[in-house]
Amino acid sequence: MGGVSVAVAEGSAGSLANPSASAVRPTTDRDWFAWDFHLDGATGSLSTDYDNNGHLDGANGNRAATAGLAFGFGPWGVAVTATTWVTPMDGLGTRPIEAQVTRGELDVARWFPKLDLAAGLGFRTGAFDINAADAKLFGISTVSASAGATWLPSAQSYRVAGSLTVGRTNNQVTVGNCDPLNCEGYILPDRIAVPWRLSLGAAYRLAATGWNKKVATTFRDERSILLSTELVATAPTPHGFGIEAFGQGGLQPSGRNVAWSPRLGAEYEILPARLRLRAGTYWEPSRFADAHGRIHITSGLELALFSFHAWGPRRIRLTLTSDIARNYRNGGISVGFWH
């Protein structure tokens with residue numbers, strides 16, 4: 001759906017975009033206790049300019065994975081997620097290097113029925129490592145916080161939401177067994193900066209029944225069209241530089257200005273209880289002064305596979321996604337609950 005997620009975020013996977021998601025229960029959920037999970041993987045191996053820095057580098061093998069659990073206890077929600085990104089790069093000479101980002105997050109959220117509002121706080125820990133073959137060049141860890149809220153007016157068919165990740169800088173660099181000024185030919189960075197990130201979005205659902213209304217059925221099997229939009233702003237990093245240029249022994253300034261990313265997405269449940277189709281688009285601004293932004297076209301489908309009982313009836317779903325832009329090809333697969 002074009003990366004649109006903050007206003008439609010629910011449960012485990014939704015917690016990646018909005019810390020309030022674990023307190024946004026599906027409208028078919030009427031129990032005091034609830035649970036949810038997700039397991040996702042994505043690959044950008046067909047991209048030739050994955051980070052849009054303006055330099056073609058051939059198919060590279062970028063990949064990502066995430067998993068998480070979410071639990072609901074009455075008005076409270078708790079979610080635990082873990083995500084990792086790996087970016088292989090050409091290093092100096094013939095020796096490749098690899099950048100890896102690992103992030104863990106704990107979200108605590110609460111539903112306020114008098115306000116029709118879900119609000120949550122998130123606590124993140126992350127690690128950024130550069131590895132050459134079996135040797136670690138350096139690593140930096142950081143801790144940050146996030147907050148989010150979703151407004152679901154009772155019996156209405158629209159939702160409004162926002163999330164904010166707080167920026168953080170850390171200069172505690174863990175260096176491998178080498179000189180930071182000449183480590184395998186590299187001059188190592190002295191700090192990592194995680195910029196603040198703000199997302200604001202809204203969504204509207206067209207169907208026979210109102211979206212934000214509890215229903216008596218186990219599943220809400222009806223044809224529906226979901227439309228959503230979002231605006232994402234990422235703060236500048238005044239002294240930031242690109243990773244791929246670093247791998248080749250150079251410096252490419254990155255993130256000198258606020259990056260704005262407008263997004264649009266749609267979902268059509270064409271076969272109730274069986275199949276949903278998705279499409280969207282978004283603008284990816286370049287973080288590099290010598291490169292241009294690009295338009296992305298996204299698509300996906302969600303297929304219900306089978307049912308089982310665990311604290312009530314459950315359906316397992318499979319989701320396939322694609323994301324295409326200039327010099328960029330990304331595909332993903334996801335497994336979780338059908339809501």
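I'm told residue 254 meets every condition in (1) touching a Lys or Arg at 6+ places or on another chain (Cβ under 6 Å); (2) farther than 24 Å from residue 193 by Cα except one. Can you identify the failing condition by its number?
(2)
Can you find, within region 290-309, the residue that is nearest to residue 25 (Cα to Cα) among those that are in contact (Cβ under 8 Å) with a residue 40 or more places away in the chain and of a type outside the set (D, E, K, R)?
Looking at residues that are in contact (Cβ under 8 Å) with a residue 40 or more places away in the chain and of a type outside the set (D, E, K, R), I get 300.
Consider only pairs whose beta carbons are under 8 Å apart and that are at least six residues apart or on different chains; among these, list those whose first residue lies in region 106-132 and is more than 30 Å from residue 92 (Cα to Cα) and whose second residue is acidic (Asp, Glu).
Correct list of pairs: 120/107; 121/107; 122/105; 122/107; 123/105; 123/107; 124/105; 125/105.
Quick one: which residue in 118, 65 is at pLDDT 90 or above, hydrophobic (A, V, I, L, M, F, W, C) and crowded, with 18+ Cβ neighbours inside 10 Å?
118
Run down 274, 287, 191 and say which single residue is within 24 Å of residue 56 (Cα to Cα) and modelled with pLDDT under 95.
The unique qualifying residue is 287.
Yes/no matrix, rows are residues, columns are (1) without any contact (Cβ under 8 Å) to a residue 60 or more places away in the chain; (2) out of contact with any Phe, Trp or Tyr (no Cβ under 9 Å at 6 or more places or on another chain); (3) assigned to a helix (DSSP H, G or I); (4) of a type in the set (Phe, Trp, Tyr):
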| position | (1), (2), (3), (4) |
| --- | --- |
| 202 | no, no, no, no |
| 211 | no, no, no, yes |
| 217 | no, yes, no, no |
| 220 | no, yes, no, no |
| 226 | no, no, no, no |
| 233 | yes, no, no, no |
| 263 | no, no, no, no |
| 270 | yes, yes, no, no |
| 278 | no, no, no, no |
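State yes or no: is residue 60 in contact with a helix residue (DSSP H, G or I) (Cβ under 7 Å, 6 or more places away or on another chain), farther than 20 Å from residue 320 by Cβ and at pLDDT below 90?
Judged against the criteria, residue 60 is not a match.
Please specify each residue of region 77-101 satisfying the condition of being outside any strand (DSSP E or B) and surrounded by fewer than 17 Cβ atoms within 10 Å (Cβ to Cβ).
Hits for region 77-101 are 90, 92, 93, 94, 95, 96.
The values are calculated or read from the model by the stated rules, or taken from the named source; none is laboratory data. Since we're looking at a predicted model, the values are computed, not measured. Backbone-built Cβ (ideal geometry, glycine too); neighbour counts: all protein chains shown.
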